[in-house]
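In what follows, a single structure is set out as structure tokens and then discussed.
Each value in this text was obtained by applying a stated rule to the coordinates, not by laboratory testing. Computed from a predicted model, the values in this text were never measured in an experiment. Cβ: placed from backbone, ideal geometry, glycine included. Neighbour counts: every protein chain shown.
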Amino acid sequence: WPIFQGTPISSIHRFLTFGAYQYFLRFIGAVFGDRGTNLILSVEYYCCDRPNPILQLIYLAIIGTTYYIIVKTSFSYIPGYYLSEVHRYASFLAVAVGILLFLVTSFSDPGTVKADNVSRYLSAYPYDNIIYTEKECPTYLLDRSTAAYAIDALLALIITVDGWHFLLCIYGTIAIGLVLAGRLKELQIVHVLTVYYRVDNSLRSLAPYVVQWLLDAHNTQILLMVFMGVVSLLLAGFFAYHANLCLTNTTTNETFKWQDYISWQKKLIEARASTAALKANIAGMTTEGKPRESKCKSFFRQSLLQDTEAIVKKNVYDKGFFHNLYEPEVQDGIIASKSRGWDLEDSPFIQLLDGLMLLSLKMGIQTLLL
């Protein structure tokens, strides 16, 4: 960010994101030679530049490991004072639905532009002549369609996965908290502290002893609660970001295109202002005998000029909140119905999951209320 330029934070960021890796490559080259460097670069190419399932496997490993630890450490206390036995099965169902939605999103394809369907994509997503202009692809001799970035259906799936896993983390945090609260109640920890250890029956006096007991007897559950709480905040941010993209009918690639366009427009306005100022100075030098214009009048003239040259982001694909929300289903259905061949989005399995997504969100809310 510009605010951090020239500060220690900028130096640390540069070292962590670029410098440390370059030093690591130099170390590998000095110890193992070119073969070691080429091996690291090939791994980098596979992990960063080619489609691979590494992130998906890490995500599934995190989900599976977390659920396994919860089963081993907390299921022995269910049913408890505050939780019924139904949460044993509800938690398994919630995790299974989350994994299913994640797999569907991972295997979903936003589509491929071909010679026989490029016109249909163009009719659904025409050029806006701002960030998308008509060009010919030098490889396939096709018009570069905006459909290459029109992945609204996939965005809708991502939003569902983020939202569901956010609810899943919140549910797990609350459930473990209720398990610990039930253990406090069943073992009568507060009663023991107030009667046998003469601790005042107040939150301020009891809190240090209760926290000490929880960290000593149930440290794994405390760590799980903190972990899922932090992850839920991250998922909430991802959910809000992807929801904003879907509701404004914008893709991630288009956000960068708009940033470049606005930056270019600002530079263009600055260049025009500099040219106008230079012309004004030249005109002032040629009309030295005339009375000078007041500073107040000059200031208001510049303000009006700046207002008229305000940068307007005109997204022709943003057709309103409700239309953008409904468009993924409509456009996906129109294009899929006109396309040839079988695709993953055309399968009855995906059509079944369209209803399952809404049902799963409803089930998540009901599970939290059990």
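Rounded, prolate or oblate: pick one for the stretch 166-211, where a ≥ b ≥ c are the square roots of the eigenvalues of its C-alpha gyration tensor, a/c under 1.5 means rounded, and failing that, prolate if a/b is larger than b/c, else oblate. Each step should come with its number before you reach the end.
Working: a/c = 4.82, a/b = 2.40, b/c = 2.01.
Cα axes put the stretch 166-211 in the prolate bin.
Along the positive direction of the dipole of the stretch 174-269 (beta-carbon charges: Lys, Arg +1; Asp, Glu -1; about the Cα centre), which of N244, V231, V199 reaches farthest?
N244
Once you place label points 7 Å from the Cα toward the Cβ at F18 and S274, how far apart are they in nm?
Modelled inter-label distance: 2.4 nm.
Could you derive backbone 3J(HN,Hα) for the stretch 168-181 from the dihedral phi with the Karplus parameters 6.51, -1.76 and 1.60 (θ = phi - 60°), listing whole Hz in sequence and x where the residue is Gly or Pro?
5, 5, 5, 4, x, 5, 5, 5, 5, x, 5, 4, 5, 5
Working out 0.36 nm times the residue gap between S76 and V43, then minus their Cα-Cα distance, what length gain in nm do you get to one decimal?
Using 0.36 nm per residue and subtracting the Cα-Cα distance, I get 7.6 nm.
Just rank V312, V226, V104, fewest to most, by other beta-carbon atoms within 10 angstrom.
By the 10 Å Cβ count, ascending, the order reads V312, V226, V104.
With θ taken as phi - 60° and the coefficients 6.51, -1.76 and 1.60, list the Karplus ³J(HN,Hα) couplings across the stretch 245-261 in order, rounded to whole Hz; mark glycine and proline as x.
4, 5, 6, 9, 6, 10, 9, 4, 4, 5, 4, 5, 5, 5, 4, 5, 5
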